[in-house]
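Heads up, the thing below is written out as structure tokens.
Just so it is clear, none of the values below were taken in a lab; they were calculated from the coordinates. Computed from a predicted structure; not experimentally measured. Don't worry about glycine lacking a Cβ; one is built from the backbone with ideal geometry, like all the others, and counts go over all protein chains shown.
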Amino acid sequence: MTNWIDISQPLTNEIAHWPEDTPFSYQLTYTKQQTGSVNIGQILTSVHTGTHVDAPFHFDDQGEKILDLDVSIYIGRAKVIDVSSVNVINRDVLNGFHLNGVERLLLRTSLSSSPNQFPKSIPILDPDVAPYLAAIGIRLLGVNMPSVDPLDSKELPTHHALHQNGIYILENVILDAIKEGDYFLSALPLALEESDGSPVRAVIRKIEEEK
């Protein structure tokens, strides 16, 4: 039996959301009693609530939208590393890890996962990581934070730096109990044609379990 680990924030009516953004809600539109056969639910949400991916259109009017993206970016081998000992994650910090051959990198920062509470601050991810990661072949960067930029940032320098270096973004994964190492990741976005982001069901399994 394959031991998949769910690293997604469950989408509940209590999940935290970006201030001023649309809260998540689920409710039944029709009950089985009403229809005679089935329950039918509806959801209302921002596409940046919970575990999600950013399309470049999120921060660049000329950027790709979700349906334009190559889904292979979000499925394949990934490495989890622990950078929780620092509050500023920069090139020098990442240079301390063996990342050669890594295409998808997941950072376990010092931020504890509290899906029902939006953080007041998050660790800093320096834009200088982008050209470094691109040079060693990384295509996807995942973080256990709601953003790769400071929560009050309007310029979004790290979003732009990653995009300019061909690196895509996965946010709000839950990594508190995940050990460092190599995993298989699946975090596929929904096929949302005009969207700037998408919720994902992110799951991983240890590479050794495939042998």
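List of remarks:
- Annotation for THR29 and ALA191: the two label points, set 7 Å from Cα along the Cα-Cβ direction, are 1.9 nm apart.
- Binned Cα-Cα distances of segment 63-121, short to long, each 5 Å bin given as a whole percent: 4, 13, 19, 16, 17, 20, 10, 1
- Our note on the geometry: Cα centres of segment 30-87 and segment 176-211, 11 Å apart.
- Dividing the alpha-carbon radius of gyration of segment 153-210 by the rule-of-thumb value 2.2 N^0.38 Å gives 1.39.
- Hits among lysines - C-alpha to C-alpha of LYS206 under 19 Å, sequence gap 8 or more where chains match: LYS79, LYS179
- DSSP assigns beta bridges within the chain; of those with both partners inside it, close to 65 percent run antiparallel.
- Segment 47-147: equivalent-ellipsoid semi-axes (sqrt of 5 x gyration tensor eigenvalues, Cα, Å): 21, 20, 13
- Extending 7 Å from Cα along the Cβ direction at THR12 and again at SER121 yields two label points whose distance is 2.8 nm.
- Taking every DSSP helix (H) stretch of at least 4 residues in the chain, weighting each as -39,500 (n - 2.57) and dividing the sum by the residue count yields a mean residue ellipticity at 222 nm of -2500 deg cm²/dmol.
- Considering all C-alpha pairs of segment 1-55, those separated by over 13 Å amount to 68%.
- With the simple spin-label model, which puts each label point 7 Å out from Cα in the Cβ direction, the LYS179 to GLN164 separation comes to 4.0 nm.
- Cα convex hull of segment 121-192, projected area averaged across orientations, nm²: 6.0 nm²
- Antiparallel DSSP beta bridges within segment 1-113, as percent of all bridges there, nearest 5: 55 percent
- Pairwise FRET efficiency - SER114 versus ILE5, Cβ, R0 = 22 Å, nearest 0.05: 0.75
- Highest-MSF residue in the chain out of LYS154, LYS120, LYS32 [GNM, Cα springs under 10 Å]: LYS32
- For segment 92-211, convex hull volume per residue from C-alpha positions, Å³: 133 Å³
- For the chain, taking the reciprocal of the average inverse distance between every pair of different Cα atoms yields a Kirkwood hydrodynamic radius of 17.8 Å.
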